[in-house]
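Since the structure comes first, as structure tokens, the remarks are kept for the end.
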Amino acid sequence: MMGDHVAVTAANPSIACAMVVADELTRNGVREVIVAPGSRSTALAIAVHDNDALNVHVHPDERSAGFVALGIARQTGRPAAVITTSGSAVANLHPAVVEADSGQVPLLLLTADRPPELRHTGASQTIDQAGLFGNATRWAVDIAVAENRVDAVAMWRSTLCRALAAASGVHGSPGPVQVNIGFREPTVPVTDDGRSPPESFDQPVDGRSGGRPWISVTSGRCLPDAEREAAARTLVQHARGIIVVGQLAASVAEAQRSAVAIVELAEVLQWPVLAEPGPVRAHPADQVTIGFGHHLAASRALMADHRPTFVLRVGRIGVSPAVEAFLQSESLANVEQLLVDPYASWHDPNRQLTGVLAGDVAATCQRLAQDIAIMPERRPEQGWLQWWKTVDSRIEAALGELVDDGDLTEPAVARTCFRVLESGDVVVAGSSMPIRDIDRYTPAGTGVDLVANRGASGIDGTVSTALGVALTRKRGRVVALAGDLTMLHDMNGWLLSPADRAVPDITFVVVDNNGGGIFSFLPQAKFVGAFERLFGTPHGRSFKRYAEFHDLAYHPATTVAELEAALQRTRTGQNLIHVQTERTANVVWHRELDQAVAVVIGELASG
């Protein structure tokens, strides 16, 4: 760490720039850095390695490194930094950048580049990488190559402050930022490396006194009193309203803070909350959250008899097609739908919104609850909320009888994970079927956190994201639920180098149906001739050998009891629990379960 009063100098301009970058990162609260090894990024790699305030993780695959940083940022809420060398290494960050952009995750990309004199000359490992990610970044800047200038340190430090402010969402929503830095040799901490012209740097590289950032940035998003009070008066007029909650803030802590406030508002209004998997669904104490909103929304008869007169939406909806269809159904054509979002994000694919409250979710919902609680006109309808909770509990009872003691189906895998895990544990859910099975078949109130890459909703980077979560998770255990193609797609995630750092404890539950199981539910499945080759894509790979190759403890499970036992004995270490299923049978299982749930709902609707 650099001293505040002793003038610190560097051996050459490249080292000076890298030392300043590492120091300014720590002053702005960054603690985790992922380094993908390379030559042009040598100065940055050495600088962060030598900075004791930074936790440095090394990953040889830039694509996976980006997702490890993404997982860290989702868990901590702070920007995580990833360092790459020049050339195609930078392009490998693009999938993580897309997810960070769509998922509003703070990410800092420190991409080392060749100096200007080598660009557009055919020099090795040189591409046009400044601004490579286009509109996916919140800000992108190409820093001039480091030189021995009196104003260089101020420029480097102020640029880092601006980049981190942009990544944290000062100018909008959080997201990825690229700082592209050209480095001349020497890039090692000497004036003369014996192979390039000597270059010195004689300016002090110190930052502000007291460990302060070069520029301190403060922001806040409070909804004006007049707008909030008007919204409260609107909400209180509706005794039959519902709250629909989708993806909340990217960080686990911020999403949990929002969940508490949403539940408080729902309790005051006595409205049911139809929540996607996440902190609202997980809340262990509330009496308002509906765990099986997908099934309820899918019942036209039910919705006709229990039509809400107002819909308050929070976050982006996207896991359940039934909920999406319900929100755009004819029965809600004249029903107001109001979105609460801190960044006024346009979460309205079906053009159903009638208004947006652009304010911090936790603060807005908490203040709305306080306003409504003292309104004399508040008249919750007796039985409205209770009816929804009764239906929800009946669905849970039916699923428990059909799934918990039966075959180890894919829905049973999801239910078993959430039944065995404890409050404070976290599940990292892969896209495709795992997140859908969690949504449709697991109840509310488990207390188990959930992390999922639901920005772009791709399967890429799931292993790396989960490892990033595990590296920085402070309490509970981390269990990832993923399909076989998801695990194979990100095999390189396991190349995360432990070096002298502790290897994180993590357990992967792999649902292996030898291919793309989700496609069996889609119209493509009717085209038998092309289906297996183009969509089913059987891979025939052994997950026992997969585990052996990556030094994971292997635990096969063929029954619910075996899965329960495997989850109980894998609390430490790196583990792979392997569950094999069959794609055609899986479709039948899901349809039978959904039909059984529909019968329960039908009985309650007719009664």
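The values are calculated or read from the model by the stated rules, or taken from the named source; none is laboratory data. Computed from a prediction, not measured in an experiment: that's the story for all the values here. Positions of Cβ are backbone-derived with ideal geometry, glycine not excepted, and every protein chain shown enters the neighbour counts. All accessible areas refer to the heavy atoms of the entire protein, side chains included, with ligands and DNA or RNA removed. Shrake-Rupley method; radii C 1.70, N 1.55, O 1.52, S 1.80 Å.
Things to note:
- For Glu227 and Arg300, a Förster radius of 35 Å and the Cβ-Cβ distance give a FRET efficiency of 0.50, rounded to the nearest 0.05.
- Of all DSSP beta bridges confined to the chain, the antiparallel ones make up roughly 5%.
- Dividing the C-alpha radius of gyration of segment 526-607 by 2.2 N^0.38 Å, with N its residue count, gives 1.58.
- Gained length - Val188 relative to Ala325, 0.36 nm times residue gap less alpha-carbon distance: 43.5 nm
- Average projection, convex hull of the Cα set of segment 5-106: 6.7 square nanometres.
- Set of aspartates and glutamates near Lys544 by C-alpha distance (under 20 Å), chain-local residues within fewer than 8 positions excluded: Glu410, Asp484, Asp490, Asp505, Asp512, Glu562, Glu564, Glu582
- Given R0 = 22 Å, the distance between the Cβ atoms of Asn148 and Ser88 translates into a calculated FRET efficiency of 0.10.
- Among the protein heavy atoms, those of Met491 account for about 60 Å² of accessible surface (1.4 Å probe, every chain in place).
- Note on segment 468-607: percent of Cα-Cα distances in each 5 Å bin, starting at 0 and stopping at the bin with the largest distance, equals 2, 8, 15, 17, 16, 14, 11, 8, 5, 3, 1, 0, 0.
- Given charges at beta-carbon only (K, R positive; D, E negative), |dipole| of segment 46-135 in Debye: 140
- Counting charges near Ala470 (Lys, Arg +1; Asp, Glu -1) among other residues having Cβ under 10 Å from its Cβ returns a value of +1.
- Under the span-like rule (Cα at least 30 Å along the axis, Kyte-Doolittle mean at least -0.5), DSSP H helices of the chain: 583-606
- Every Cα-Cα pair in segment 409-517 was counted, and those over 21 Å apart are 32% of them.
- Each principal axis of the Cα atoms in segment 357-457 has its own extent, and those three values, largest first, are 53, 34, 24 angstrom.
- Charge-dipole axis of the chain as Lys and Arg at +1 and Asp and Glu at -1 on Cβ define it, positive-most pick from Val427, His171, Leu44: His171
- Extension gain, Ser497 to Arg208: 0.36 nm times the residue separation minus the Cα-Cα distance gives 100.7 nm.
- Magnitude of the charge dipole, segment 214-363, Cβ model with Lys/Arg +1 and Asp/Glu -1, debye to 20: 180
- Inter-probe distance in nm under a simple model that places probes 7 Å from Cα toward Cβ, at Arg571 and Asp50: 4.3
- Take the Cα of Val587, step 7 Å toward its Cβ, do the same at Gln386, and the gap between the two points is 4.4 nm.
- Cα gyration tensor, segment 300-387 - rounded (a/c under 1.5), prolate or oblate: oblate
- Taking trypsin sites (Lys or Arg not before Pro) across segment 510-607, the ones in a DSSP loop with at most 16 further Cβ atoms lying within 10 angstrom of their Cβ are Arg541, Arg569, Arg571.
- For the chain, the C-alpha radius of gyration divided by 2.2 N^0.38 Å, with N the number of residues, is 1.03.
- Each part reduced to its alpha carbon centroid, segment 37-52 and segment 183-214 end up 12 Å apart.
- On the chain, 51 percent of the accessible area sits on carbon and sulfur atoms, based on a 1.4 Å probe.
- Within the straight-line cut-off of under 12 Å between alpha carbons, the aspartates and glutamates reachable from Lys389 are Asp286, sequence neighbours fewer than 8 places apart in one chain being disregarded.
- Dipole of the chain computed with +1 at Lys/Arg Cβ and -1 at Asp/Glu Cβ about the Cα centre; of Leu332, Pro284, Ser209, farthest Cα towards the positive end is Leu332.
- Simple Cβ-charge dipole of the chain, Lys/Arg +1 and Asp/Glu -1, about Cα centre, in debye nearest 20: 480
- Whole-Å distance, taken between Cα centres, linking segment 240-254 and segment 413-445: 17
- Of the residues Phe535, Trp494, Val479, the one whose Cα sits farthest towards the positive end of the charge dipole of the chain is Phe535 (charges of +1 on Lys and Arg Cβ, -1 on Asp and Glu Cβ, taken about the Cα centre).
- Full-stretch length increase - Ser39, Ala553 - with 0.36 nm per residue and alpha-carbon distance subtracted: 181.6 nm
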